[in-house]
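The values are calculated or read from the model by the stated rules, or taken from the named source; none is laboratory data. Here the structure is a predicted model, which is why all the values come from computation and not from measurement. Quick reminder, even Gly has a Cβ in these numbers, built from the backbone with ideal geometry, and neighbours come from all protein chains shown. For accessibility, only protein heavy atoms count, side chains too; no ligands or nucleic acids. Shrake-Rupley method; radii C 1.70, N 1.55, O 1.52, S 1.80 Å.
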Amino acid sequence: MEKQLISSRQFTIIVILFTVGTSILIIPASIASEVKQDAWIVAIIGTLLSMLILKLFMALVKKMPTLTFVEITEKILGSFLGKIFTIGFVILTLLSSGELLYFIGNFLQTEVMPETPPVVFSILFNLIILFAAYLGIEVFARTLEILFPVFLLIFIIFVLFISPEIEIKNVQPILEVSPKPLMYSILHFMGLFSFPLVVILMVFPSAINDYKSGEKGFYIGTLVGGLILTIVIALSILVLGVTNTSLRTFPSYTLAQRISIGNFLQRIEVIMAFIWMVTIFVRASVYFYATVKGLGQILKINDHRRLILPLGMITVALSQIVHPNIMHSTKYNKETWPLYISLFALFLPLLLLIIAKLRNIKGPENDTLNNKDSGTT
């Protein structure tokens, strides 16, 4: 299969939308329930600490910039031990794909069409993801170049329209939370925000036409995504208050329902639904792409697209059984997910770097990193 490359600008857009992902709807409630009105501070600290996670990723991919995360793992750990970790990684991305389809079905049934079975939404949304995976990363990136300005415009309109509802007293007193829940909430935030960025290593830097610009875009995209989430969390608390934010399943959607301009422009929560649909489409597509490509590389299949249909069917099936209800989903994201994702986002990259150091595996020179065909621009 012909190698596809994307530009650093396209990659930056992917990172921004991927980091926002499902977090824009679910993270305000979970963080507010832990640290109350200081949730926005958690988002700021978590975003800044995420730069260290990116530093770790950069140190690893510089060793073998033409390979994906799965290939790097097998190359450094060897065939047997490497496959154990890579199979675990593919299982992670496959389960996450199914979970995201569960979120789609649950959200649309709860807030939009309560009489429609969730599996219908999962199947329809999954068809778009499968089509994106079939067309490849280049077409996917070009699509996001079209969607991103619309996403940004709608988000700015959302912020401007909800601003008159702000009550500063809702974030007072500041820094009242004790250190222990603050640290736990930061890890919880990073577990949903930046730890999943390890999946992006299936694209970066092997599918980027300019390594240096792509590296810069990785940092910028993460910071912008963190800023968007910080704004959403802060607005949720400032407008809804701590209690309402922590008790709502989708507080940011409820936030959009509060928009009222002169008793004329009302109930435009569809804008928040559109924002979330775009970001979850990006995260679900990247997870599924990583699953298909990762499994193809493990099985040594030249054209991984032949795996799209069977894996797509498995993903829909998983979406119906991964969580029996929303309470199970919330508990999983708070207790199980951070441990699972940290295994691949922290432990595995550190292990790979240590073994690479012991084996004296060095990366190419800087000029070699940028010596790629110029693909798409």
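Scan segment 251-272 and give yes if some residue there is modelled with pLDDT under 85, open to solvent by less than 10 Å² (accessible area, probe 1.4 Å) and within 25 Å of Leu130 (Cα to Cα), otherwise no.
yes
Return the residues of segment 164-189 that are open to solvent by 10 Å² or more (accessible area, probe 1.4 Å), in contact (Cβ under 8 Å) with a residue 24 or more places away in the chain and within 26 Å of Tyr253 (Cβ to Cβ); say none if nothing qualifies.
Listed by number, the residues that qualify are Glu165, Ile166, Glu167, Ile168, Asn170, Val171, Gln172, Val177, Pro181, Tyr184, Ile186, Leu187.
If you go through segment 106-131, how many residues are over 27 Å from Lys293 (Cβ atoms) and either in a helix (DSSP H, G or I) or touching an Asp or Glu at 6+ places or on another chain (Cβ under 9 Å) (or both)?
Adding up the residues that qualify gives 8.
Which of the residues belonging to segment 151-192 are polar (S, T, N, Q) and part of a helix (DSSP H, G or I)?
Residues satisfying the conditions are Ser163, Asn170, Ser185.
Of all the residues that make up segment 209-247, how many are open to solvent by less than 10 Å² (accessible area, probe 1.4 Å), of a type in the set (S, T, N, Q) and modelled with pLDDT of 90 or more?
The number of residues fulfilling the criteria is 1.
Which residues, counting only those in segment 235-256, are part of a helix (DSSP H, G or I) and under 20 Å from the mean Cα position of the chain (by Cα)?
Selection gives Pro251, Ser252, Tyr253.
Quick check, is Pro114 at pLDDT below 90, closer than 21 Å to Val270 by Cα and open to solvent by less than 50 Å² (accessible area, probe 1.4 Å)?
Judged against the criteria, Pro114 is not a match.
List, please: which pairs have Cβ atoms under 9 Å, are six or more places apart or on different chains, and start with a residue in segment 298-314 that is within 19 Å of Gly88 (Cβ to Cβ) and end with one that is among the hydrophobic types (A, V, I, L, M, F, W, C) and outside any helix (DSSP H, G or I)?
From segment 298-314, the pairs are His304/Met1; Leu307/Leu299; Leu307/Ile301.
Starting from residues that are touching a residue at least 12 places away in the same chain (Cβ under 8 Å) and of a type in the set (Lys, Arg), keep the ones in segment 61-84 and report whichever is nearest to Ile314 (Cα to Cα).
Top of the filtered list is Lys83.
If you go through segment 44-63 one residue at a time, how many are of a type in the set (Phe, Trp, Tyr) and open to solvent by 70 Å² or more (accessible area, probe 1.4 Å)?
Residues flagged as of a type in the set (Phe, Trp, Tyr) and open to solvent by 70 Å² or more (accessible area, probe 1.4 Å) within segment 44-63 amount to 0.
Only one of Ile41, Ile14, Ile91, Ile87 is surrounded by fewer than 24 Cβ atoms within 10 Å (Cβ to Cβ), under 28 Å from Met313 (Cβ atoms), among the aliphatic types (A, V, I, L, M) and touching a residue at least 24 places away in the same chain (Cβ under 8 Å); which?
Ile87
So, in segment 193-208, how many residues would count as being touching a Gly at 6+ places or on another chain (Cβ under 8 Å) and either open to solvent by 10 Å² or more (accessible area, probe 1.4 Å) or not in a helix (DSSP H, G or I) (or both)?
Number of matching residues: 4.
Would you say Ser285 is in contact with a His (Cβ under 6 Å, 6 or more places away or on another chain), assigned to a helix (DSSP H, G or I) and either closer than 30 Å to Val159 by Cβ or of a type in the set (Phe, Trp, Tyr) (or both)?
When the stated conditions are applied, Ser285 does not pass them.
Test of understanding: among Ile355, Ile341, which residue is in contact with a helix residue (DSSP H, G or I) (Cβ under 6 Å, 6 or more places away or on another chain), at pLDDT 85 or above, within 30 Å of Lys55 (Cα to Cα) and open to solvent by 30 Å² or more (accessible area, probe 1.4 Å)?
Matching residue, one of Ile355, Ile341: Ile355.
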